[in-house]
1. Could you check B:D114 against (1) away from chain A (no Cβ under 14 Å); (2) touching a Lys or Arg at 6+ places or on another chain (Cβ under 9 Å); (3) at pLDDT below 95 and say which number it fails?
2. Given the conditions (1) part of a loop (DSSP other than H, G, I, E, B); (2) touching a residue at least 12 places away in the same chain (Cβ under 8 Å); (3) buried (at least 18 other Cβ atoms within 10 Å of the Cβ), and given that B:V277 satisfies all but one, which numbered condition is not satisfied?
3. Out of B:L338, B:L328, report the one residue that is away from every other protein chain (no Cβ under 14 Å), closer than 19 Å to B:N245 by Cα and either surrounded by fewer than 19 Cβ atoms within 10 Å (Cβ to Cβ) or at pLDDT below 95 (or both).
4. Just to verify a result, which residue in segment B:195-214, among those that are assigned to a strand (DSSP E or B) and surrounded by fewer than 21 Cβ atoms within 10 Å (Cβ to Cβ), is nearest to the chain's Cα centre (by Cα)?
5. Which residues, taken from segment A:175-194, are part of a strand (DSSP E or B) and farther than 19 Å from B:A353 by Cα?
6. Within segment B:342-393, restricting attention to residues that are at positive phi and under 17 Å from the mean Cα position of the chain (by Cα), which residue is surrounded by the fewest Cβ atoms within 10 Å (Cβ to Cβ)?
7. B:G180 passes all but one of (1) at pLDDT below 95; (2) over 15 Å from B:A254 (Cβ atoms); (3) of a type outside the set (A, V, I, L, M, F, W, C); which number fails?
8. Among B:V151, B:V168, which is the only one that is at pLDDT 95 or above and either crowded, with 16+ Cβ neighbours inside 10 Å or not in a helix (DSSP H, G or I) (or both)?
Number of protein chains: 2
Amino acid sequence: MSNVNKLNETHDPALKSWVDSANQTNSDFPIQNLPFAVFRRSGSNEAFRGGVAIGDQVVDLEAVAENELFSGEAAAAAAKACAQPTLNSFMGMGVAYASALRLALSRALREGGDKALQSCLIAQSDVEFDLPATIGDYTDFYTSVHHATSVGKLFRPDNPLLPNYKWVPIGYHGRSSSIGVSGQTFHRPVGQTKAPDAEVPSLGPCKRLDYELELGIYIGQGNEMGDAIELDDSDDHVFGFCLFNDWSARDIQAWEYQPLGPFLAKNFASTVSPWIVTLEAMAPYRTPWTRDAADPQPLPYLESDANREQGGFDIKLEVLIQTEKMRLENQEDKSVSLSNFSYSYWTVAQMVAHHTVNGCNLKPGDFLGSGTQSGPDYEESGSLLELSRGGKESIDLGNGESRTFLNDGDTVVLKGWCQKEGAARIGFGEVRSTVLPAKI
Amino acid sequence: MSNVNKLNETHDPALKSWVDSANQTNSDFPIQNLPFAVFRRSGSNEAFRGGVAIGDQVVDLEAVAENELFSGEAAAAAAKACAQPTLNSFMGMGVAYASALRLALSRALREGGDKALQSCLIAQSDVEFDLPATIGDYTDFYTSVHHATSVGKLFRPDNPLLPNYKWVPIGYHGRSSSIGVSGQTFHRPVGQTKAPDAEVPSLGPCKRLDYELELGIYIGQGNEMGDAIELDDSDDHVFGFCLFNDWSARDIQAWEYQPLGPFLAKNFASTVSPWIVTLEAMAPYRTPWTRDAADPQPLPYLESDANREQGGFDIKLEVLIQTEKMRLENQEDKSVSLSNFSYSYWTVAQMVAHHTVNGCNLKPGDFLGSGTQSGPDYEESGSLLELSRGGKESIDLGNGESRTFLNDGDTVVLKGWCQKEGAARIGFGEVRSTVLPAKI
């Protein structure tokens, strides 16, 4: 079993970097974080390659490899992470390699070090990002019981939470081809809908366009077809986390989703944040996972002491909206909800164990969405469907504008971070994407 | 618009080949077919590469390219089809290239020709196949109204066919990673099920393991995100068809599928036949597509004269079962059903137009399943769930054995072919795969 859940010298909150921007109190990317992305200089024809965030800089792993700055597993990891325009091969090496590279980077970037990495730094403001992995398969879970209940009430008033919910980590397969990285724009989808009072359906632009506040999970080392990943081994197979906006067309969804699940309501676009925070970086923010005594306790394949003791993660998640008017008038993005991944009814380990219990093979770079992470309170709703109570109430944006669902030109921003006394802040950066008018 | 729906010299039923085995009456691969696969010599370390079936031989496209036997678009197509271990790039060139290669092969393989291709032939009995494409995304449709009604009755006795069925070509995303080529074996999946009389669910090997008789559809040229493919343009984006067995664990499915659709009940394995029959080869077997006057007629984006006139395909589809006992006693595979793709409630063009109407991007090598192709009669049922009437009646295999669902060691074989007076037989070969015992 891996040690990515253990604290080590890289987590020491006292560590500072010679990259000054990493030491600022609110930096998402202090030396304790060191998340991975795929990048190149903006507007260049350079090959996309692996990089690591430190403060407002990117460590170019291609430069690290070329200058032979590291040795052993760290060197092998750095070489792999820049050898291709995606991190799939690096992810597939297993967590020991990513961990060795993390340790080498942590030591090389510490205050008082020799600054040999100085020549490998590029300002984040000068780079552009690509999808960090070729996502072979994307699975979306549904792990917030609060979201499932709220949405269930709207789609099935008489039967909001189905009997399987508290036993099965419900998930379904999503579309990989339309997943893009922060900065993605997409046209409002067109689709079939049927208003409750309409006799027949019709085709037209979506009228209930929504975001979904999710955590994204990249698979590291895969499993062979037929071999389940045991609950307590899942840390060996998870590379890291990002932010994920799973755009949803609620009116299309309502009409199409039975009996086989969402399809065109979801597959027109989904957006990830560029940076992947490793499981190891998250170690200080693991939390116990509990299940209400009144609820069914998990079946044995989803149950372990380790999962009870540290299966959860305390990750704050926020949604902000920026309208065209706000952009024109230089107003700040409007925060509309603040939730936490710790509300998840199932842990990441349970998602992985469940996904593979039937022998389904996961591959490096495969992607899991956590499902919309709504909390128990209204202010913690992870979608407009919930905030607007099914489109019945509008949300005041505080600048004279209001929304029930999204307008053309709206940008949705998701942010995530971990913060507490006695540990360094671990930030996820943000994912930002914008709705363009329908093409019809 | 492409001409792959038009008859040309390659379809002439009088054509014979100097490859004698292609001229036998029941050959799946006469000179009018020329389907594509990815192959190498069995047990070798050769690179997988593109090949074309003729009789009992494979035309090695690598040898064709190396010997510079073709020119122009045909040469470019051959070069692309062997340059990588999958056909994705070749598929993405567009149908004009595949069509040019087909014409060149047809001329070069005709009786009386110069047999320059002789040195490029390898016996099919000496080769092994791989997946012909890296399948980025796999979508499974549900286009048999007979299957949807029969299955609906079992899962929802009071509500078998949902109100959207006759308006929306229902589909959902499936799992790519576990799709394998004919010869695939897989362990009986383990999963959560809940018997109707059980108080709580439990984990165990699937007790209701089933096949699904489907047609598989490979996408050729893709579309950009945001750009819908119009119904009458879909022929430009479909590379060809194969046979597809979408294995299903009915007891897992019944417990997990609400509200987001099938997941672990389907993603443990799915098997394709090695050969892809191009749309052009299928031109003689296009049929009118009709919709009962009593049923709703399609919305305009799913309606066209061309689709009415020739949207359907007359493809016979058969399921055979081979048990361990049959293997030991050298008995013939037992045919258990015979159906036809012409029963499909929606056409392939409608599937493509619907899939992209919201701007969803399809990529070369993406894969669509047609859904289980059951016909109106009991003998045309495309799954054991239907043949056994939900597990209530057992099917006599004629050798003293019977089945309601599949046993360990059972091999399921799907076959497909087109045949009629005045046109050459166009065969699909077969897809064959075997259930191994659960690993638990």
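The values are calculated or read from the model by the stated rules, or taken from the named source; none is laboratory data. None of the values given here were measured: they were computed from a predicted structure. Here Cβ is always computed from backbone atoms with ideal geometry, including for glycine, and neighbour counts include all displayed protein chains.
1. The number of the failed condition is (2).
2. Going through the list (1) part of a loop (DSSP other than H, G, I, E, B); (2) touching a residue at least 12 places away in the same chain (Cβ under 8 Å); (3) buried (at least 18 other Cβ atoms within 10 Å of the Cβ), B:V277 breaks only (1).
3. After applying the criteria, what remains is B:L338.
4. So the residue we want is B:P205.
5. Residues satisfying the conditions are A:I179, A:G180, A:V181, A:T185.
6. Taking segment B:342-393 and keeping what is at positive phi, we get B:359, B:365, B:371, B:389-391.
If we keep only those that are under 17 Å from the mean Cα position of the chain (by Cα) as well, we get B:365, B:371.
Details: B:G365: 25, B:G371: 30.
Residue satisfying both the conditions and the ranking: B:G365.
7. (1) is the only condition that B:G180 fails.
8. Details: B:V151 fails: at pLDDT 95 or above.
Answer to the selection: B:V168.
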